[in-house]
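Peer 1: Let me begin by handing over the structure; questions about it come next.
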Amino acid sequence: MSRRLARVVVAIVVVQLAFVLAYRAIEERRHFRFERLGGEFAPSLELARADGTLLVLPPNGPSPRLVHFWATWCGPCRDELPGLLELGSQLGAGKLEILAIAVDDEWPAVTSFFGGKVPPGVFLARNHEGQRRF
């Protein structure tokens, strides 16, 4: 009986070790990677507002910018985007400019995401080259 119990314990330890190794491998891939621009400015972006007007975002501006790419189908975006936009409105102009750029191709999905009224600071990229460069 003790030999059988020892085999079961060893099997459980091996299975747990396999789960730990798999978990660590997945977690290592989940971390965000970043790249320093090496003194360069961020690329300029051509953005569309919900009202159809355009905004050409130059590579540098008068205040710091947080450029956040998001999607209507992204689960974590549903949780973080409203708070991020609220933070931008609380900080006010000049302290931190928050730009939420939807990676969706059309406005209807974005408008529906916000219940019909798209808040200021939400844009669509006119071309995806700038988005890719970010």
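Peer 1: Kindly indicate the residue of the range 105-134 that is closer than 18 Å to V67 by Cβ and out of contact with any strand residue (DSSP E or B) (no Cβ under 7 Å at 6 or more places or on another chain) and also surrounded by the most Cβ atoms within 10 Å (Cβ to Cβ) among those meeting that condition.
Peer 2: Once the filter is applied, the top-ranked residue is V118.
Peer 1: Has the range 59-67 got any residue that is outside any strand (DSSP E or B), modelled with pLDDT of 85 or more and under 24 Å from D104 (Cβ atoms)?
Peer 2: No, because not a single residue in the range 59-67 is outside any strand (DSSP E or B), modelled with pLDDT of 85 or more and under 24 Å from D104 (Cβ atoms).
Peer 1: Next up: Within the range 94-104, track down each residue that is hydrophobic (A, V, I, L, M, F, W, C) and open to solvent by 40 Å² or more (accessible area, probe 1.4 Å).
Peer 2: L96, V103
Peer 1: Taking the range 68-93 on its own, how many of its residues are open to solvent by 60 Å² or more (accessible area, probe 1.4 Å), modelled with pLDDT under 80 and assigned to a loop (DSSP other than H, G, I, E, B)?
Peer 2: Looking only at that region, the number is 1.
Peer 1: Do you know which of the residues in the range 48-58 that are in a loop (DSSP other than H, G, I, E, B) and either among the polar types (S, T, N, Q) or in contact (Cβ under 8 Å) with a residue 12 or more places away in the chain (or both) is most open to solvent (accessible area, probe 1.4 Å)?
Peer 2: R49
Peer 1: Looking at the structure I just gave you, is L57 under 15 Å from F134 (Cβ atoms) and touching a Leu at 6+ places or on another chain (Cβ under 6 Å)?
Peer 2: Criteria met by L57.
The values are calculated or read from the model by the stated rules, or taken from the named source; none is laboratory data. Every value quoted in this text rests on a predicted model; they were computed, and no experiment measured them. Glycine also receives a Cβ, built like all others from the backbone with ideal geometry; neighbour counts cover every protein chain displayed. Please note that ligands, DNA and RNA were not included when accessible areas were found on the heavy atoms of the full protein model with its side chains. Shrake-Rupley method; radii C 1.70, N 1.55, O 1.52, S 1.80 Å.
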